[in-house]
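The values are calculated or read from the model by the stated rules, or taken from the named source; none is laboratory data. Keep in mind that what you see is a predicted model, and the values were worked out from it rather than measured. For neighbour counting, all protein chains shown are included, and Cβ atoms are generated from backbone atoms with ideal geometry for every residue, glycine included. Heads up: the accessible areas ignore ligands, DNA and RNA and are worked out on the full protein's heavy atoms, side chains in. Shrake-Rupley method; radii C 1.70, N 1.55, O 1.52, S 1.80 Å.
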Amino acid sequence: MAQPGQSAAAALAASLESVLRSRGSANRVFDILELLQAEEADVVLCAIRTCSRLFGALLERGELFVGQLPDEETSLRDNYSAEDKYKIWMRHRYNSCVNCLVELMSHESFQVKELSLTTLMKFVDLEGKNPLVKEEWKGSFRFPRELLKLVVKNLIPCEEDSSLLISRFQEYLEYDDIRYFVMKAVAENIGQVMQKTKEVPLPIYQQNVFSLISSMSMPSKENEVVNFMVKQANQEEWKVSKLKEHKRAFERMWLGFLKHKLPTSLYKKVLVILHDSILPHLNEPTLMIDFLTVAYDIGGAISLLALNGLFVLIHQHNLEYPDFYKKLYSLLDASIYHVKYRARFFHLADLFLSSSHLPAYLVAAFIKRLSRLALTAPPQALLMVIPFICNLFRRHPACKVLVHRPGGPEDLSEDPYVMDEEEPSESRALESSLWELQTLQSHYHPDVSQAAAIVNQSLSELEDDISELLELSAYELFDRELKKKATGVPLEFEQVRGLFGKKNDLFAEHFALE
């Protein structure tokens with residue numbers, strides 16, 4: 001006895017053959033469309049494949065109506081030829097198929113979702129080659145934008161995480177024209193969805209949008225815009241062939257996304273990629289100033305992550321940020337040695353503190369706060385921050401007074417430095433001394449105590465390379481200790497006598513170690 005899936009496949013194959021062979025059997029298309037709504041996933045998959053073959057063939061043959069589609073009742077009453085009536089009727093069936101496939105993109109089976117998506121993108125390709133819209137003028141450009149907008153709308157739903165389906169869609173974003181119109185569609189969709197919710201964050205929707213737009217690989221040169229799914233007669237004149245237009249669409253899409261309130265986790269994800277995946281592809285990177293300055297003022301990990309983007313704007317686009325160093329100073333707290341963005345923060349702090357024109361009181365305040373926080377830092381962080389501090393001394397010799405201050409404070413009770421002062425100039429750092437590094441010379445880890453002892457000597461002019469130390473982890477430190485080979489082992493210099501090893505032990509007279 002045939003299984004339901006097998007009998008359905010046979011029925012679909014028979015219907016497909018009949019419809020393609022004779023227009024008299026056109027009504028059998030309803031049998032195919034009906035099975036798109038079947039309960040069994042296997043039957044639905046078979047129906048999708050059949051629709052793909054059927055409407056793919058009809059598009060290639062030119063058997064679908066081209067132009068503004070009249071409704072079915074009007075086409076039957078008006079003076080259309082039998083040929084046009086058939087094409088109008090079949091175009092309506094094609095539209096029904098597309099609507100069903102769009103709904104199936106939210107099916108519980110991922111296989112159904114994936115096949116619906118790839119079939120719709122096949123239709124985008126075929127509509128590009130066999131347009132269903134008339135030329136507005138000779139040589140005008142035609143692209144199936146409306147169909148692609150439907151696909152994009154259902155790639156970024158509000159209630160369901162569609163990251164897996166989006167990852168399947170990424171291969172189509174390699175086409176420059178597809179990516180361009182997807183960017184336009186996303187920008188439009190964000191405006192519509194967020195307007196309805198009156199600015200209330202939609203975590204799932206916003207995460208879906210981020211998954212889609214963060215996966216876009218933008219061209220950086222004009223001659224890289226050459227890969228098109230839909231070829232045009234005069235391709236060079238098409239605005240989609242212009243890099244400037246791509247950047248404009250990219251900019252509008254990201255600005256539209258970032259102007260709405262984001263969940264904290266998504267805020268961090270955006271800031272991680274902002275400096276190298278977003279800013280370089282904007283026509284006007286300075287439009288991100290407001291977003292970055294607000295992020296920088298939030299505090300915590302978000303402020304740390306905003307540093308990268310601000311660095312790009314300050315150094316490459318002449319951004320002036322009032323009280324920048326005061327804010328950077330306020331980011332130094334006990335967590336700085338423990339957060340997973342530690343390497344990124346110290347790399348950027350190193351760049352921001354590299355200028356020899358910074359006032360000595362400012363650099364001294366950074367040195368003192370870093371040293372004070374180092375008292376409770378883990379060894380792997382100390383092995384990075386001690387060379388970091390030494391580099392600051394090399395760049396700013398005026399701060400060496402912190403090391404060479406006879407009779408200076410020797411512990412916390414005598415220290416004039418005000419740790420809780422937000423203003424670096426008021427912290428009295430230059431009046432203090434680095435007793436913290438002196439304390440670290442007695443650290444339990446021998447590498448840390450050895451590194452801290454370097455301040456007892458005159459520093460070389462050549463700066464230490466801290467790039468390899470930024471990512472140093474506790475595991476690497478432990479592994480390094482295990483691989484060390486001891487050159488000499490200290491032994492007892494006095495030979496043991498007696499049971500308890502004492503020289504004139506009473507037991508030595510009665511017990512021998514033999």
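In the list His260, His317, which residue meets the criterion of being in contact with a Ser or Thr (Cβ under 6 Å, 6 or more places away or on another chain) and open to solvent by less than 80 Å² (accessible area, probe 1.4 Å)?
Values: His260 fails: in contact with a Ser or Thr (Cβ under 6 Å, 6 or more places away or on another chain).
Of the residues listed, the single one that is in contact with a Ser or Thr (Cβ under 6 Å, 6 or more places away or on another chain) and open to solvent by less than 80 Å² (accessible area, probe 1.4 Å) is His317.
Just one of (1) in a helix (DSSP H, G or I); (2) modelled with pLDDT of 90 or more trips up Met216, so point out which.
Among (1) in a helix (DSSP H, G or I); (2) modelled with pLDDT of 90 or more, Met216 violates only (1).
Do any residues in region 56-74 that are under 20 Å from Leu20 (Cβ atoms) have Cβ atoms under 6 Å from those of residues that are open to solvent by 20 Å² or more (accessible area, probe 1.4 Å) and not charged (D, E, K, R), where the two are at least six apart or on different chains, and which pairs are they?
Close Cβ pairs satisfying both conditions: Ala57/Leu20; Leu59/Asn130.
For (1) closer than 18 Å to Thr118 by Cβ; (2) in contact with a Ser or Thr (Cβ under 9 Å, 6 or more places away or on another chain); (3) without any contact (Cβ under 8 Å) to a residue 60 or more places away in the chain, each residue gets a yes or a no:
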residue	(1), (2), (3)
Val151	yes, no, yes
Ser163	yes, yes, yes
Asp176	no, yes, no
Tyr180	no, no, no
Lys184	no, no, no
Glu188	no, no, yes
Val193	no, no, yes
Gln206	no, no, no
Ser214	no, yes, no
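Pick from Phe366, Phe311: which is out of contact with any Ser or Thr (no Cβ under 6 Å at 6 or more places or on another chain), buried (at least 18 other Cβ atoms within 10 Å of the Cβ) and touching a residue at least 12 places away in the same chain (Cβ under 8 Å)?
Values: Phe311 fails: buried (at least 18 other Cβ atoms within 10 Å of the Cβ).
Phe366 is the lone residue from the list that is out of contact with any Ser or Thr (no Cβ under 6 Å at 6 or more places or on another chain), buried (at least 18 other Cβ atoms within 10 Å of the Cβ) and touching a residue at least 12 places away in the same chain (Cβ under 8 Å).
Quick check on my filter: what residues within region 328-353 are open to solvent by less than 40 Å² (accessible area, probe 1.4 Å) and assigned to a helix (DSSP H, G or I)?
Within region 328-353, Leu328, Tyr329, Ile336, Tyr337, Arg342, Ala343, Phe345, Phe346, Leu348, Ala349, Asp350, Phe352 meet the criteria.
Take the residues of region 481-514 that are open to solvent by 100 Å² or more (accessible area, probe 1.4 Å) and either among the acidic types (Asp, Glu) or under 25 Å from Gln438 (Cα atoms) (or both): which is modelled with the lowest pLDDT?
We begin by selecting, within region 481-514, every residue open to solvent by 100 Å² or more (accessible area, probe 1.4 Å); these are 482-485, 487, 489-493, 495, 497, 500, 502-504, 506, 509-511, 513-514.
Pick out the ones that are also either among the acidic types (Asp, Glu) or under 25 Å from Gln438 (Cα atoms) (or both) and you get 492, 509, 514.
Working: Glu492: 58, Glu509: 68, Glu514: 62.
Of everything passing the filter in region 481-514, Glu492 is modelled with the lowest pLDDT.
Can you tell me which residues in region 291-321 are within 22 Å of Phe257 (Cα to Cα), aliphatic (A, V, I, L, M) and outside any helix (DSSP H, G or I)?
Of everything in region 291-321, nothing turns out to be within 22 Å of Phe257 (Cα to Cα), aliphatic (A, V, I, L, M) and outside any helix (DSSP H, G or I).
Identify all residues within region 292-308 that are of a type in the set (A, V, I, L, M, F, W, C) and surrounded by fewer than 20 Cβ atoms within 10 Å (Cβ to Cβ); write none if there are none. So that I can check it myself, show each step before the final result.
Taking region 292-308 first, the residues of a type in the set (A, V, I, L, M, F, W, C) are 292, 294-295, 298, 301-302, 304-307.
Within region 292-308, Val294, Ile298, Ala301, Ile302 meet the criteria.
If we keep just the residues of region 103-115 that are open to solvent by less than 50 Å² (accessible area, probe 1.4 Å) and in a helix (DSSP H, G or I), which is farthest from Gly24 (Cα to Cα)?
The initial filter retains those residues of region 103-115 that are open to solvent by less than 50 Å² (accessible area, probe 1.4 Å), namely 104-105, 107, 109, 112-113, 115.
Filter once more, keeping what is in a helix (DSSP H, G or I): 104, 112-113, 115.
Working: Leu104: 29, Val112: 31, Lys113: 33, Leu115: 30 Å.
Applying the filter and picking the extreme gives Lys113.
Pick out the one residue from Tyr180, Tyr172 that is under 21 Å from the mean Cα position of the chain (by Cα) and either modelled with pLDDT of 95 or more or under 26 Å from Val44 (Cβ atoms) (or both). Walk me through it before giving the result.
Numbers: Tyr180 fails: either modelled with pLDDT of 95 or more or under 26 Å from Val44 (Cβ atoms) (or both).
Of Tyr180, Tyr172, the one residue that is under 21 Å from the mean Cα position of the chain (by Cα) and either modelled with pLDDT of 95 or more or under 26 Å from Val44 (Cβ atoms) (or both) is Tyr172.
Looking only at region 226-239, which residues are modelled with pLDDT under 85 and open to solvent by less than 80 Å² (accessible area, probe 1.4 Å)?
Val230, Gln232, Asn234, Gln235, Trp238
Just checking, does region 133-148 include any residue being small (Gly, Ala, Ser), touching a residue at least 24 places away in the same chain (Cβ under 8 Å), surrounded by fewer than 21 Cβ atoms within 10 Å (Cβ to Cβ) and not in a loop (DSSP other than H, G, I, E, B)? Spell out how you get there, then give the answer.
Step one: list which residues in region 133-148 are small (Gly, Ala, Ser), which gives 139-140.
Next, from what is left, pick out any that are touching a residue at least 24 places away in the same chain (Cβ under 8 Å): 139.
Filter once more, keeping what is surrounded by fewer than 21 Cβ atoms within 10 Å (Cβ to Cβ): 139.
From what's left, not in a loop (DSSP other than H, G, I, E, B): none.
So far as region 133-148 goes, no, none of its residues is small (Gly, Ala, Ser), touching a residue at least 24 places away in the same chain (Cβ under 8 Å), surrounded by fewer than 21 Cβ atoms within 10 Å (Cβ to Cβ) and not in a loop (DSSP other than H, G, I, E, B).
Any idea which residue in region 221-246 is farthest from Leu165 (Cα to Cα), counting only those that are in contact with a Leu (Cβ under 8 Å, 6 or more places away or on another chain) and not acidic (Asp, Glu)?
Lys221
Being outside any helix (DSSP H, G or I) and either at pLDDT 90 or above or within 30 Å of Val230 (Cα to Cα) (or both) is the filter here, so list the residues in region 240-273 that pass it. Outline the logic, then answer.
Taking region 240-273 and keeping what is outside any helix (DSSP H, G or I), we get 242, 259-263.
Correct list: Lys242 only.
Based on this model, can you work out whether Val43 counts as open to solvent by less than 20 Å² (accessible area, probe 1.4 Å), of a type outside the set (D, E, K, R) and either modelled with pLDDT of 90 or more or under 25 Å from Asn154 (Cα atoms) (or both)?
Values: open to solvent by less than 20 Å² (accessible area, probe 1.4 Å): yes; of a type outside the set (D, E, K, R): yes; either modelled with pLDDT of 90 or more or under 25 Å from Asn154 (Cα atoms) (or both): yes.
Yes.
The rows are residues; the columns are (1) open to solvent by 50 Å² or more (accessible area, probe 1.4 Å); (2) under 30 Å from Ser162 (Cβ atoms); (3) charged (D, E, K, R).
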site	(1), (2), (3)
Arg21	yes, no, yes
Glu34	yes, yes, yes
Gly56	no, yes, no
Val66	yes, no, no
Leu69	no, yes, no
Glu83	yes, no, yes
Lys87	no, no, yes
Leu101	no, yes, no
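Looking at (1) loosely packed, with under 15 Cβ neighbours inside 10 Å; (2) touching a helix residue (DSSP H, G or I) at 6+ places or on another chain (Cβ under 8 Å); (3) of a type in the set (Ser, Thr, Tyr), find the lone condition where Ser7 falls short.
(2)
Would you mind telling me which numbered condition in (1) under 30 Å from Arg428 (Cα atoms); (2) outside any helix (DSSP H, G or I) Ala364 fails?
Failed condition: (2).
It is to be established whether one or more residues within region 189-202 are open to solvent by less than 70 Å² (accessible area, probe 1.4 Å), of a type outside the set (A, V, I, L, M), at pLDDT below 95 and under 30 Å from Lys242 (Cα atoms).
yes
Taking region 154-188 as the region of interest, how many residues are over 18 Å from Lys247 (Cα atoms), small (Gly, Ala, Ser) and crowded, with 19+ Cβ neighbours inside 10 Å? Steps first, answer last, please.
Initial filter on region 154-188 (over 18 Å from Lys247 (Cα atoms)): 154-172.
The next check asks that each one be small (Gly, Ala, Ser); those that pass are 162-163, 167.
Next, only the ones that are crowded, with 19+ Cβ neighbours inside 10 Å stay: 162.
Here the count works out to 1.
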